[in-house]
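Asks: Before we start, here is the structure in question, set down as structure tokens.
Where a number appears in this text, it was derived from the coordinates with a stated rule and is not lab data. What you are looking at is a predicted structure, and each value in this text was computed from that prediction instead of being measured. Here the Cβ positions follow ideal geometry from the backbone for every residue, glycine too, while neighbour counts run over all protein chains shown.
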Amino acid sequence: NYSSFAEHQELAEQTLQKELDRGFLEWYPSAREAERRYGSLTLSNMACLVKPGSDKARLIHDLRRSLVNAKVTIRERLVLPRLSDAVEDILDLHADAPEGAGPETDVELFVLDWEAAFKHLSTHPKERRYLAAKAWGGGGRKPAGSSPRCKLAHAKAHAKAHAKAHAKGCLLYTSPSP
């Protein structure tokens, strides 16, 4: 992973735990176990960006450097609407207004914003092997105490043994729940 992930490791792991709890991630104790289920993995680095003075982390899963992005075929180009498109739509609504509605007729606009919207899209099981990253003790570092996932998975009596097992590295496998 990138140095920003190690620099903000506690916050990054808290964010990963939240995503795991929401069903956006699958976690395996080793890459071998994930490969048994999905085949050969492509591991990508992760970065953790934190705004100054904030305790909210943004995790970046770098699929460009691992060349995952190069394996993607996009059959059509999606273009996001521009402000001029919104103005044009409002003018069309006014033009199509019912009889008696004058130019002073209000058009109400609203914005829908789903938190983590793209994470709600399911990833096909055959493609999940391209969305893997190491976390929770990866890179030969022993997690501080036990990671949030470990605390959920094991009683305190097993924490030391579990942390030792994680010193070899745990795999975080990302994929939205189907």
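Asks: As an exercise, identify the trypsin sites (Lys or Arg not before Pro) in the stretch 1-89 lying in DSSP coil whose Cβ has no more than 16 other Cβ atoms within 10 Å. List each step's numbers first, then the result.
Replies: Working: sites: 18, 22, 32, 36, 37, 56, 58, 64, 65, 71, 75, 77, 82; in loops: 22, 56, 64, 65, 75, 77, 82.
Taking the stretch 1-89 and a limit of 16 other Cβ atoms within 10 Å, the loop trypsin sites (Lys or Arg not before Pro) found are 22, 56, 64, 65, 75, 77, 82.
Asks: Ok, one more. Would you kindly state how much longer the chain becomes between residue 107 and residue 65 on full extension, computed as 0.36 nm times their sequence separation minus their alpha carbon distance, in nm to one decimal? Present the calculation step by step, with values, prior to reporting the outcome.
Replies: Working: separation 42, 0.36 × 42 = 15.12 nm, distance 4.55 nm.
Answer, rounded to one decimal: 10.6 nm.
Asks: Counting other Cβ atoms within 10 Å, which GluC sites (Glu not before Pro) in the stretch 70-112 have at most 14 and lie in a DSSP loop? Walk me through the intermediate numbers first.
Replies: Details: sites: 76, 88, 99, 104, 108; in loops: 76, 99, 104, 108.
Sparse-neighbourhood loop GluC sites (Glu not before Pro): 76, 99, 104, 108.
Asks: Mind jotting down the distance between the C-alpha centroids of the stretch 72-86 and the stretch 98-133, whole Å?
Replies: Using only Cα atoms, the two centres lie 13 Å from each other.
Asks: Of 74, 98, 86, which is farthest along the charge dipole of the stretch 56-123 in the positive direction, counting Lys and Arg as +1 and Asp and Glu as -1 at C-beta?
Replies: Comparing the listed Cα positions along the dipole, 74 ranks first.
Asks: Charges only on Cβ, +1 for Lys and Arg, -1 for Asp and Glu: so what's the dipole of the stretch 1-108 about the Cα centre, in debye to the nearest 20?
Replies: Numbers: 14 positive and 20 negative charges, 247 e Å.
Dipole about the Cα centre, nearest 20: 1180 debye.
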